[in-house]
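Report on one structure; see the data block that follows.
The values are calculated or read from the model by the stated rules, or taken from the named source; none is laboratory data. Note that the structure is a prediction, hence the values are computed from the model and not measured. We place every Cβ from the backbone using ideal geometry, glycine too, and count neighbours over all the protein chains shown.
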Amino acid sequence: MSNTRSIIILGSGAAGLTAAIYAARANLTPLLIEGVQPGGQLTITSDVENYPGFRNPIMGPDLMAEMRAQAERFGTEFLRADAESVDLRATPIQVRVDGTSLVTRALIIATGASAKLLGIPSETKLMGHGVSACATCDGYFFRNQRVAVIGGGDTAMEEATFLTKFASRVTVIHRRDQLRASMIMQDRARANPKISFIWDSEVEEILDTAAGKVTGLRLRNVKTGAVTVHETDGIFIGIGHQPNTKLFEGQLPLDPNGYIHTHDGTKTAIAGVFAAGDVQDPVYRQAVTAAGTGCMAALDAERYLTDLAHSRGAGRAAAASGATTRAT
């Protein structure tokens, strides 16, 4: 594998793989650094029903496998490792992976964002089996069922309000006695007759891993210590997302929540560096929007590389002309 590339893509979710498909079809032979746990957030999603082109539900991991195979068919090279460091100030850009330094003229950042989770084992075991971190992705599966939303900020209120379109009852569970959400979001949730609240409570355990599905929550009151069980059919973790931008801190402008600023499509503040998917999208966070920006990033990178080649060609021609004039 060559250490000098035209384009490197960081991330193997919907954004990164779509960027790879477009870049490979443009004969750029992209190298995609997919991480040690490839596939993005869809790998922890069960049925996907809202991705265009699939009449019937497709499992999240299967959708990612299809995207990867498509990118590979067009000539994408894959490296299953995590990027250890990135130097965006270097020319060409330097990416260090598995102790090896790679250089690239263009870089697409598609490292995504990770849902903030509770950090309890049952949450991981039941993710995709009644536990979700995305109401717009999975709310439909809980039609006429009882669901719980964990959190007290804007994310939780947005999730709870959206879920009332499907669920018979939505219970918001918050570890404090007042919400942190903006007043407009609070008022909207409080006014919804389907939404109720359990205050001063944190989740000790999600039930029932033995059954392989969610049947309830074991809650502990943080003020009294009392433990109760709340029956529910589904749980949505609404404590926010964390963009995976640690590698780029101090090198790229980030918003207060850590998302990469982009302009004119997917361009960042550094020429030749582009960002796509959830790493630059704090609003939509959908597979289809991630794929769309992945396409945009590949097209933006292709145009950048074409312009770069033209400017280098013009520079060489000018230098050759000057040398000929001096010799004459």
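A residue that is assigned to a helix (DSSP H, G or I) and either in contact with a Ser or Thr (Cβ under 6 Å, 6 or more places away or on another chain) or on the phi > 0 side of the Ramachandran plot (or both) occurs nowhere in the stretch 168-178. Of the candidates R169, R143, the single residue that is surrounded by fewer than 14 Cβ atoms within 10 Å (Cβ to Cβ), within 28 Å of A287 (Cα to Cα) and of a type outside the set (G, A, S) is R143.
Taking the criterion of being of a type in the set (K, R) and surrounded by 16 or more Cβ atoms within 10 Å (Cβ to Cβ), would at least one residue in the stretch 103-122 satisfy it? Walk me through it before giving the result.
Within the stretch 103-122, the first condition is being of a type in the set (K, R), and the residues that meet it are 105, 116.
Filter again for surrounded by 16 or more Cβ atoms within 10 Å (Cβ to Cβ), leaving 105.
The answer is yes; a qualifying residue exists.
Of all residues in the stretch 43-51, one or more are over 17 Å from A290 (Cβ atoms) and not polar (S, T, N, Q). For the stretch 67-79, does any single residue satisfy the condition of being out of contact with any Asp or Glu (no Cβ under 8 Å at 6 or more places or on another chain), assigned to a strand (DSSP E or B), at pLDDT 95 or above and on the phi < 0 side of the Ramachandran plot? Within the stretch 67-79 (the criterion being out of contact with any Asp or Glu (no Cβ under 8 Å at 6 or more places or on another chain), assigned to a strand (DSSP E or B), at pLDDT 95 or above and on the phi < 0 side of the Ramachandran plot), the answer is yes, since at least one residue qualifies.
Of all residues in the stretch 229-257, none that is charged (D, E, K, R) has its Cβ atom under 9 Å from the Cβ atom of a residue that is surrounded by fewer than 16 Cβ atoms within 10 Å (Cβ to Cβ) and part of a strand (DSSP E or B), 6 or more apart or on another chain. Strands (runs of 3 or more DSSP E) fully within the stretch 86-141 that include at least 1 residues being touching a residue at least 12 places away in the same chain (Cβ under 8 Å) and of a type in the set (G, A, S): 100-109, 113-115.
Checking each residue in the stretch 3-26 for being under 14 Å from G39 (Cβ atoms) and of a type in the set (S, T, Y) picks out S12, T18. The residue that is surrounded by the most Cβ atoms within 10 Å (Cβ to Cβ), counting only those in the stretch 27-43 that are within 24 Å of T136 (Cα to Cα) and either touching a residue at least 60 places away in the same chain (Cβ under 8 Å) or aromatic (F, W, Y) (or both), is G40.
Condition check ((1) in contact with a Cys (Cβ under 8 Å, 6 or more places away or on another chain); (2) of a type in the set (K, R); (3) within 30 Å of R105 (Cβ to Cβ)) across all residues:
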residue	(1), (2), (3)
A26	no, no, yes
P30	no, no, yes
V36	no, no, yes
L42	no, no, yes
R55	no, yes, no
G60	no, no, no
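Residues in the stretch 121-139 that are farther than 22 Å from D278 by Cα and of a type in the set (S, T, Y): S122 alone. Among the listed residues F248, F166, F236, F162, which satisfies the condition of being farther than 17 Å from S132 by Cα and not polar (S, T, N, Q)? Residue meeting the stated conditions: F248.
Any residue that is of a type in the set (F, W, Y) and under 26 Å from the mean Cα position of the chain (by Cα) - is there at least one of those in the stretch 147-168? So far as the stretch 147-168 goes, yes, one or more of its residues are of a type in the set (F, W, Y) and under 26 Å from the mean Cα position of the chain (by Cα).
Being in contact (Cβ under 8 Å) with a residue 24 or more places away in the chain and in a loop (DSSP other than H, G, I, E, B) is the filter; apply it to the stretch 44-63 and report the residue that is surrounded by the most Cβ atoms within 10 Å (Cβ to Cβ).
Initial filter on the stretch 44-63 (in contact (Cβ under 8 Å) with a residue 24 or more places away in the chain): 44-52, 60, 63.
If we keep only those that are in a loop (DSSP other than H, G, I, E, B) as well, we get 45-46, 49-52.
Values: T45: 23, S46: 17, E49: 13, N50: 14, Y51: 16, P52: 7.
Going through the qualifying residues, I end up with T45.
Within the stretch 1-20, being surrounded by fewer than 24 Cβ atoms within 10 Å (Cβ to Cβ) and either of a type in the set (S, T, Y) or assigned to a helix (DSSP H, G or I) (or both) holds for S2, T4, S6.
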